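One structure below.
The values are calculated or read from the model by the stated rules, or taken from the named source; none is laboratory data. Predicted model, so just to flag it, every value in this text is computed and none were measured. All Cβ positions, even for glycine, are placed from backbone atoms using ideal geometry, and neighbour counts span all protein chains on display.
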Amino acid sequence: MRTSTSILPLLSSRTAIPQSILSVRLLSTSLPRLQSQSPIPNSISGSPNSPATEPTRPASKHIANPKFLTDRPVKITHKPVFPAPHNPFAPTPAPKTYNDITLRILRRVNRLLGYNRRRRTTARETGRMMKGIVEAVEYDKDFWYGECDLPRTFHTFFTIHYLYVLLTLVRLRALPNYIPNPLSPLPQSAYPGSPGSTTPVQRPSIIDTLDNAGCYFSRVKQHDYRYQQVLLTHFFDIVENEIRLMLGVEITREGETMKRLREYQERGNFARMSLDYVLGLTKSEDPKDKEIADGELASFIWRFIFARRGTGKNLEGELTYPEGESMKKGKELEMAEQIETIVKFVRRELNRLDSISDRDVIAGNVGMFGGVRQ
């Protein structure tokens with residue numbers, strides 16, 4: 001593992017354990033004892049004295065309904081579209097085809113006009129990462145929706161995809177700004193390439209040279225790779241598209257869509273804080289913090305993905321199933337082993353992403369996520 005670009009040591013001061021650790025522990029209520037005779041393994045159980053209730057959420061003018069999960073349990077069976085269309089209700093346009101000579105001319109002109117400028121590189125490479133996340137969830141849909149029996153609703157769609165986004169964001173936060181532009185080739189695959197496949201350093205074009213000069217004189221924002229912001233933009237474009245499909249809202253009706261989009265943006269912020277807390281425990285010098293790190297990660301998975309399954313009268317927690325469906329009998333007894341599997345997956349993927357060089361990450365060559373159960 002590279003010592004200079006290791007993910008966890010490079011967590012910013014905003015993501016490290018704060019001095020007032022009690023305020024962060026509110027985001028990490030521990031996994032309660034299931035209402036069954038099947039014990040929870042120690043490796044995924046949380047603190048026994050922590051409350052199992054939702055922490056008090058601050059008042060916000062953006063939250064229309066603090067208990068909002070989904071307006072109606074619409075069943076979602078389709079694979080999300082990326083890049084998200086401007087209007088999901090419009091018919092898909094017919095693909096355009098060009099002959100080889102036209103493609104060669106367009107590619108040369110594209111390079112001359114700045115194919116590898118910072119802004120375009122950021123949007124393109126994070127788009128490839130987002131494409132890989134969509135494919136990874138689709139590949140493991142039998143685990144999420146079959147083995148875990150999570151409802152096929154918009155809420156579950158959001159939480160599963162956002163878990164992969166969170167893991168990618170941890171790696172992107174470790175990127176320094178001084179890495180030279182990789183000058184990606186054209187054409188380029190729509191999917192993230194394999195680590196080590198980044199092209200050698202090439203001679204930049206005139207526009208790229210001017211861009212480099214501007215970055216040189218701006219030491220504070222040298223190269224200024226905004227991969228985190230743009231990856232989140234890609235993801236919430238998909239989220240907005242799915243909200244419109246769920247509610248049947250036309251493109252001209254923005255109010256109802258934006259209200260729910262803000263709600264899920266806030267959910268995402270809470271999830272990032274919770275995962276940062278777990279990573280802080282992992283790198284803490286206190287052995288007691290490291291000892292409970294996996295338990296707190298399991299608690300986060302239970303709250304965020306399983307929506308506190310095992311609690312409530314029907315043991316479904318806060319999960320809402322499509323009309324006419326419900327949780328299969330006994331699934332709350334299998335949940336402990338499934339959470340442990342997801343915890344191992346999260347740790348394994350964080351280590352994999354950490355082993356990838358910064359140059360490969362900038363070029364979008366981060367590889368595909370592995371299966372949850374390996």
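Scan 120, 152, 107, 128 and give me the residue that is over 16 Å from residue 189 (Cα atoms) and not aliphatic (A, V, I, L, M).
After ruling out the rest, the residue left standing is 152.
When you look at residue 69, is it in contact with a Ser or Thr (Cβ under 9 Å, 6 or more places away or on another chain) and at pLDDT 50 or above, yes or no?
Spelling it out, residue 69 is indeed in contact with a Ser or Thr (Cβ under 9 Å, 6 or more places away or on another chain) and at pLDDT 50 or above.
Determine which member of the set 77, 97 is in a loop (DSSP other than H, G, I, E, B) and more than 31 Å from the chain's Cα centre (by Cα).
One residue alone meets the criteria, 97.
Just the residues that are farther than 20 Å from residue 353 by Cβ and among the aliphatic types (A, V, I, L, M), please, taken from the range 118-176.
Scanning the range 118-176 gives 123, 150.
Among the residues of the range 230-246, is there at least one that is in a loop (DSSP other than H, G, I, E, B) and of a type in the set (Asp, Glu)?
Scanning the range 230-246, I find no residue that is in a loop (DSSP other than H, G, I, E, B) and of a type in the set (Asp, Glu), so the answer is no.
Have a look at 357, 284, 326, 299 and point out the one that is among the polar types (S, T, N, Q) and touching an Asp or Glu at 6+ places or on another chain (Cβ under 8 Å).
Answer to the selection: 326.
For the condition in contact (Cβ under 8 Å) with a residue 40 or more places away in the chain and among the polar types (S, T, N, Q), what is the one hit in 87, 99?
Every option except 87 fails the conditions.
Among the residues of the range 108-145, which ones are of a type in the set (D, E, K, R) and closer than 30 Å to residue 206 by Cα?
108, 111, 117, 118, 119, 120, 124, 125, 128
Would you pick out the residues in the range 321-342 that are in contact (Cβ under 8 Å) with a residue 12 or more places away in the chain, surrounded by fewer than 18 Cβ atoms within 10 Å (Cβ to Cβ) and closer than 24 Å to residue 246 by Cβ?
Selection gives 322, 323, 325, 326, 327, 328.
Here's the yes/no breakdown for (1) among the aliphatic types (A, V, I, L, M); (2) in contact with a strand residue (DSSP E or B) (Cβ under 9 Å, 6 or more places away or on another chain); (3) at pLDDT 90 or above; (4) outside any helix (DSSP H, G or I):
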{"site": "127", "(1), (2), (3), (4)": "no, no, yes, no"}
{"site": "134", "(1), (2), (3), (4)": "yes, no, yes, no"}
{"site": "169", "(1), (2), (3), (4)": "yes, no, yes, no"}
{"site": "193", "(1), (2), (3), (4)": "no, no, yes, yes"}
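Looking at 56, 97, which is the one that is loosely packed, with under 10 Cβ neighbours inside 10 Å and either closer than 30 Å to residue 294 by Cβ or modelled with pLDDT under 55 (or both)?
Matching residue, one of 56, 97: 56.
What residue, among those in the range 195-226 that are assigned to a loop (DSSP other than H, G, I, E, B) and small (Gly, Ala, Ser), is modelled with the lowest pLDDT?
Among those that are assigned to a loop (DSSP other than H, G, I, E, B) and small (Gly, Ala, Ser), it is 218.
Need at least 1 residues that are of a type in the set (Gly, Ala, Ser) per element, so show me which helices (runs of 4 or more DSSP H) inside the range 265-374 make the cut, counting only ones lying wholly within it.
Where helices (runs of 4 or more DSSP H) fall fully within the range 265-374 and carry at least 1 residues being of a type in the set (Gly, Ala, Ser), they are 287-304, 331-354.
Name the residues in the range 111-125 that are surrounded by 14 or more Cβ atoms within 10 Å (Cβ to Cβ) and assigned to a helix (DSSP H, G or I), would you?
The answer is 111, 118, 120, 121, 122, 123, 124, 125.
Being of a type outside the set (D, E, K, R), under 30 Å from residue 210 (Cβ atoms) and assigned to a loop (DSSP other than H, G, I, E, B): is that true of residue 88 here?
no
Which members of the range 169-187 meet the condition of being closer than 20 Å to residue 130 by Cα and surrounded by fewer than 15 Cβ atoms within 10 Å (Cβ to Cβ)?
The answer is 186, 187.
Contact list please: Cβ distance under 8 Å, first residue in the range 166-181 and closer than 16 Å to residue 274 by Cβ, second residue of a type in the set (Val, Ile, Thr) and buried (at least 19 other Cβ atoms within 10 Å of the Cβ), pairs at least six apart or on different chains.
167/346; 170/7; 173/7
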